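Take a look at the structure set out below.
The values are calculated or read from the model by the stated rules, or taken from the named source; none is laboratory data. All values reported here derive from a predicted model rather than from experimental measurement. Here Cβ is always computed from backbone atoms with ideal geometry, including for glycine, and neighbour counts include all displayed protein chains.
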Amino acid sequence: MTEIHSDARPDVRAYLEVINAPETPKVYQFEPPHARELMKMAKAMADVERGEIARVADLSCPGPAGDIGLRVYDARAEAGPSPVICFFHGGGFVIGDLETHDSFCAEMARVMQLPVVAVDYRLAPEAPFPAAPDDCEAATRWIADNGAALGLDIDGLITCGDSAGGNLAIVVTQQLRDTPASQKVVAQFPIYPVVDEAPAYQSFKDFSEGHLLSADSMRWFDNHYAPTKGDPRNACLGAGHHDTPPTLVMTAGLDPLRDQGRAYAAALVAEGATVAHYDAVGNIHGFITLRKALPSSDGDLAQAFRLLKALLPANG
């Protein structure tokens, strides 16, 4: 069995011992439709339930290739003017959907006391690059324009996403900076984002086997997504970082993408942006949707939400 890093927390180590077992199926061993079902089954076993929340509503908005599904979460007793969090799920641009990240979105809405709108963008290989960023940009612009249709009084946008969704959050922020929407992006929260095409980071060498996200799975995702090399809508680290809004970058200490997230945070600092970086030491990629299996992740989320609140206008 692949060796697990000595920094792994006890709950992380126990979980990795299960998923590293030879008999445990791996996403990259299947075609995308089967892999999507596998992710849903893994979520059902390893993640917490949504829990109580005042309002959840499924809607849609027009997109470049048809309607895009949206899910609105609002935990507030009184819905006054506020920023809205636009959330883009992870899954390598190939798997994941509104259901796989349902409990996280509800938790973010509850703790932040802000509405969250999750975006069900098109997936590869049926819709390869740039379908995902095109859908997420279109959905975010529509959200900015249509607060009433969402039952919200929108005063600013916060982009957020995990892994592939972290990439999409950054890309949408860059697109709306260069061609503004009707609402301003007031903050962004990329969670263990993929920002660079280069694998030559130390964390990739250290953790690309045996720590959930593997080199084999990353190649599988990339082959299906088929991005245009060098396009800033994929390799967003290489895009300009001027006028980036306040940003919280969250990474995981045992993640092959950890150093990409650090590099992105450093690039923003070099441009003079307001940046907070939280590293979930001893944790792994994907932990925000593994909170039943990895209960220590609750502490990581609590700290991240505190940091995000501090970045918002008037400590929002």
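For the range 271-292, a residue qualifies if it is of a type in the set (A, V, I, L, M, F, W, C) and surrounded by fewer than 21 Cβ atoms within 10 Å (Cβ to Cβ), and the qualifying residues are 273, 275, 276, 281.
Examine the range 210-232 for a residue that is more than 19 Å from residue 267 (Cα to Cα), part of a loop (DSSP other than H, G, I, E, B) and modelled with pLDDT under 95, and state whether such a residue exists.
yes
Does the range 227-238 contain any residue that is among the aliphatic types (A, V, I, L, M), in contact (Cβ under 8 Å) with a residue 60 or more places away in the chain and on the phi < 0 side of the Ramachandran plot? No.
Taken together, the criteria exclude residue 103 from residues that are within 15 Å of the chain's Cα centre (by Cα), at positive phi and not aliphatic (A, V, I, L, M).
Regarding the range 66-74, can at least one residue be identified that is in a loop (DSSP other than H, G, I, E, B) and either under 18 Å from the mean Cα position of the chain (by Cα) or acidic (Asp, Glu) (or both)? Working first, answer last.
Here is the first cut: in the range 66-74, the residues in a loop (DSSP other than H, G, I, E, B) are none.
No, there is no match, as no residue in the range 66-74 is in a loop (DSSP other than H, G, I, E, B) and either under 18 Å from the mean Cα position of the chain (by Cα) or acidic (Asp, Glu) (or both).
Can you find a residue in the range 237-246 that is at pLDDT 95 or above, small (Gly, Ala, Ser) and out of contact with any Leu (no Cβ under 9 Å at 6 or more places or on another chain)? Scanning the range 237-246 turns up no residue that is at pLDDT 95 or above, small (Gly, Ala, Ser) and out of contact with any Leu (no Cβ under 9 Å at 6 or more places or on another chain).
When 21, 46 are screened for being under 20 Å from the mean Cα position of the chain (by Cα) and either among the hydrophobic types (A, V, I, L, M, F, W, C) or exposed (fewer than 15 other Cβ atoms within 10 Å of the Cβ) (or both), only 46 passes.
Of all residues in the range 244-267, count the ones that are in a loop (DSSP other than H, G, I, E, B) and touching an Asp or Glu at 6+ places or on another chain (Cβ under 8 Å).
Kept after step one, since they are in a loop (DSSP other than H, G, I, E, B), are these residues of the range 244-267: 244-246, 253-257.
From what's left, touching an Asp or Glu at 6+ places or on another chain (Cβ under 8 Å): 244, 253-254, 256.
Of the residues in that region, 4 qualify.
Only residues that are closer than 20 Å to residue 132 by Cβ, among the hydrophobic types (A, V, I, L, M, F, W, C), in contact with a helix residue (DSSP H, G or I) (Cβ under 7 Å, 6 or more places away or on another chain) and surrounded by fewer than 24 Cβ atoms within 10 Å (Cβ to Cβ) were counted in the range 227-270, giving 2. Within the range 200-208, is there a residue that is touching a Leu at 6+ places or on another chain (Cβ under 8 Å), farther than 15 Å from residue 258 by Cβ and among the hydrophobic types (A, V, I, L, M, F, W, C)? No, there is no match, as no residue in the range 200-208 is touching a Leu at 6+ places or on another chain (Cβ under 8 Å), farther than 15 Å from residue 258 by Cβ and among the hydrophobic types (A, V, I, L, M, F, W, C).
Here is a list: 93, 87. Which entry is under 23 Å from residue 226 (Cα atoms), part of a strand (DSSP E or B) and touching a residue at least 24 places away in the same chain (Cβ under 8 Å)?
Working: 93 fails: part of a strand (DSSP E or B).
Just a single option satisfies the conditions, and that option is 87.
When restricted to residues that are touching a strand residue (DSSP E or B) at 6+ places or on another chain (Cβ under 6 Å) and either closer than 15 Å to residue 85 by Cα or hydrophobic (A, V, I, L, M, F, W, C) (or both), the range 290-311 contains 4. Take the conditions (1) within 30 Å of residue 144 (Cβ to Cβ); (2) among the charged types (D, E, K, R); (3) outside any strand (DSSP E or B); residue 49 misses just one of them, which is (1). Taking first residues from the range 1-23 that are over 20 Å from residue 43 (Cα atoms) and at pLDDT below 95 and partners that are of a type in the set (D, E, K, R) and in a loop (DSSP other than H, G, I, E, B), the Cβ contacts under 6 Å between residues at least 6 apart in sequence or on separate chains come to 2/209.
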